[in-house]
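Asks: Below is a structure I'd like to ask you about.
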Amino acid sequence: KPVLMVRLDSTSAKMLPSFFSLLGPMRTQLFFGQLQGHEFPPRPYIYGQKISFKITPNLELGFSRTGIFAGVPQPLTWGTFLRSFFSNSTGTPDLRLKPGDRRAGFDFSYRIPGLRNRLILYNDSLSDDDPSPVAAPRRAAMRPGIYVPQMPLVSKLDFRAEAVYTDTPTSRSNNGEFIYWEYIYHDSHTNAGGLMGDWIGREGKGIQAWSTYWLSPRSTVQVAYRN
């Protein structure tokens with residue numbers, strides 16, 4: 001279910017000044033909203049930011065951050081928002097002082113040179129207990145994939161395959177109490193009872209693949225598999 005939110009999204013990429021222009025065109029996205037269906041605690045808020053860079057015509061990088069905070073009995077104030085946004089504290093058993101449940105993400109997309117229109121590699125990652133998936137990849141959830149926009153000899157047929165896991169190779173990943181889990185915000189990363197952002201849940205593994213044949217720009221036939 002969609003989150004009731006305010007969203008700011010840059011309509012076109014911008015170039016940073018000076019030597020920062022080496023990062024390529026930059027795009028930013030921001031949102032702020034309130035989640036539904038939460039009981040522990042009720043009526044929390046969520047915010048997020050993402051910044052993306054097109055380093056080269058073949059390589060794109062993205063860094064993101066989300067935070068779930070406030071909720072009964074902690075009111076929404078500038079103080080609670082700033083504490084969630086800037087505090088380095090990892091947690092407290094007192095909800096009134098807790099900065100919230102915060103996560104960081106990193107993603108990339110790479111067009112293989114010589115096959116720019118034939119093969120794209122990408123990965124989306126999420127860190128639940130570290131400042132970034134880049135800092136601790138073994139403790140981060142991953143969703144790598146490949147995308148073939150045009151299959152050889154069949155230009156109207158594409159193919160995509162992904163693997164995903166939230167059961168990270170760390171001793172902390174036990175009983176579903178690591179990725180997507182928080183000891184005060186029990187319903188974290190859900191909205192109205194549904195998962196946000198992906199189809200995989202806590203301490204899970206899965207694969208999916210699908211292929212689409214384009215009969216016309218508006219008509220397609222698709223075959224998909226998910227486990």
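Asks: Gap in Å between the Cα centre of segment 191-217 and the Cα centre of segment 28-73?
Replies: 19 Å
Asks: Still on this structure: Work out the FRET efficiency for Gln150 and Lys14 from their Cβ-Cβ distance, taking R0 = 41 Å, and round it to the nearest 0.05.
Replies: Details: r = 31 Å, r/R0 = 0.76.
Working from the Cβ atoms, E equals 0.85.
Asks: Extending each Cα 7 Å along its Cβ direction at Leu30 and Asp130, get the distance between those two points in nm, one decimal.
Replies: It is 2.9 nm.
Asks: Give me the percent of the accessible area of the chain that comes from carbon and sulfur atoms, probe 1.4 Å, all protein chains in place.
Replies: Carbon and sulfur: 61 percent of the exposed surface of the chain.
Asks: In nanometres, what is the gap between the two model label sites at Met5 and Ala161, each 7 Å from Cα along Cα-to-Cβ?
Replies: With each label placed 7 Å out from Cα toward Cβ, I get 3.2 nm.
Asks: I've got another one for you. In segment 141-227, what chymotrypsin sites (Phe, Trp or Tyr not before Pro) fall in a loop by DSSP, with at most 13 other Cβ atoms inside 10 Å? Each step should come with its number before you reach the end.
Replies: On the way: sites: Tyr147, Phe159, Tyr165, Phe178, Tyr180, Trp181, Tyr183, Tyr185, Trp199, Trp210, Tyr213, Trp214, Tyr225; in loops: Trp181, Tyr183, Tyr185, Trp199.
The qualifying sites are Tyr183, Trp199.
Asks: List the aspartates and glutamates whose Cα lies under 19 Å from the Cα of Lys54, skipping any in the same chain that are fewer than 8 positions away.
Replies: Answer for Lys54, where 19 Å is the Cα cut-off: Asp9, Asp107, Asp124, listed by chain and number.
Asks: Go through segment 147-161 residue by residue and turn each phi into a ³J(HN,Hα) via Karplus (6.51, -1.76, 1.60, θ = phi - 60°); whole Hz please, and just put x for glycine and proline.
Replies: For segment 147-161, the Karplus-derived couplings read 9, 10, x, 9, 6, x, 6, 10, 5, 8, 10, 10, 8, 9, 9 Hz, x marking Gly and Pro.
Asks: To continue, here is another question. Going out from 0 in 5 Å bins, what whole percent of all Cα-Cα distances in segment 179-227 drops into each bin?
Replies: The percentages, shortest bin first, are 5, 15, 18, 15, 13, 13, 10, 7, 4, 2.
Asks: If you take the charge dipole of the chain about its Cα centre, with +1 on Lys and Arg Cβ and -1 on Asp and Glu Cβ, which of Thr220, Ala141, Met5 is farthest toward its positive end?
Replies: Farthest along the dipole direction, towards plus: Thr220.
Asks: With a 1.4 Å probe and all protein chains left in place, how much accessible area per residue does segment 113-156 have, in Å²?
Replies: On the way: 2540 Å² over 44 residues.
Heavy-atom accessible area per residue stands at 58 Å².
Asks: At 20 °C and 1.002 mPa s, what whole-number value in µm²/s does Stokes-Einstein give for the translational diffusion of segment 75-190, with Rh from the Kirkwood sum over Cα pairs?
Replies: For these conditions, the coefficient is 127 µm²/s.
Asks: I need the trypsin sites (Lys or Arg not before Pro) found in segment 131-209, filtered to DSSP loop residues with at most 14 other beta carbons within 10 Å of theirs. Working shown, then result.
Replies: Details: sites: Arg138, Arg139, Lys156, Arg160, Arg172, Arg202, Lys205; in loops: Lys156, Arg172, Arg202.
Answer by residue number: Lys156, Arg172.
Asks: A further question on this structure: Would you please state the base-10 log of I(q)/I(0) at q = 0.15, 0.16 1/Å for the chain, with intensities from the Debye formula using one equal scatterer on every alpha carbon?
Replies: Once normalised to I(0) and log-transformed, intensities are -1.16, -1.26.
Asks: Could you state the per residue volume, in Å³, of the convex hull enclosing the Cα atoms of segment 3-70?
Replies: 105 Å³
Asks: Do you know the relative contact order of segment 1-151, to the nearest whole percent, from alpha carbon pairs under 8 angstrom that are 6+ apart?
Replies: 15 percent
Asks: What FRET efficiency comes out for Phe63 versus Ile207 if R0 is 41 angstrom and r is the Cβ-Cβ distance? Round to the nearest 0.05.
Replies: Working: r = 26 Å, r/R0 = 0.64.
Taking R0 as 41 Å, the efficiency between Phe63 and Ile207 is 0.95.
Asks: So, one more: Based on DSSP H runs of at least 4 residues, each adding -39500 (n - 2.57), what is the mean residue ellipticity at 222 nm of the chain after dividing by all its residues, to the nearest 500 deg cm²/dmol?
Replies: Calculated from helices alone, the mean residue ellipticity at 222 nm is -1000 deg cm²/dmol.
Asks: One quarter of the convex hull surface, Cα atoms only: what value does that give for segment 1-125 in nm²? Working shown, then result.
Replies: Values: hull surface 41.1 nm².
Result: 10.3 nm².
Asks: Would you kindly state how much longer the chain becomes between Ile184 and Phe86 on full extension, computed as 0.36 nm times their sequence separation minus their alpha carbon distance, in nm to one decimal?
Replies: Length gained between Ile184 and Phe86: 33.4 nm.
The values are calculated or read from the model by the stated rules, or taken from the named source; none is laboratory data. Being a predicted model, the structure only gives us computed values, none of them experimental. Note that each Cβ is placed from the backbone with ideal geometry, even for glycine, and that neighbours are counted across all protein chains shown. Heads up: the accessible areas ignore ligands, DNA and RNA and are worked out on the full protein's heavy atoms, side chains in. Shrake-Rupley method; radii C 1.70, N 1.55, O 1.52, S 1.80 Å.
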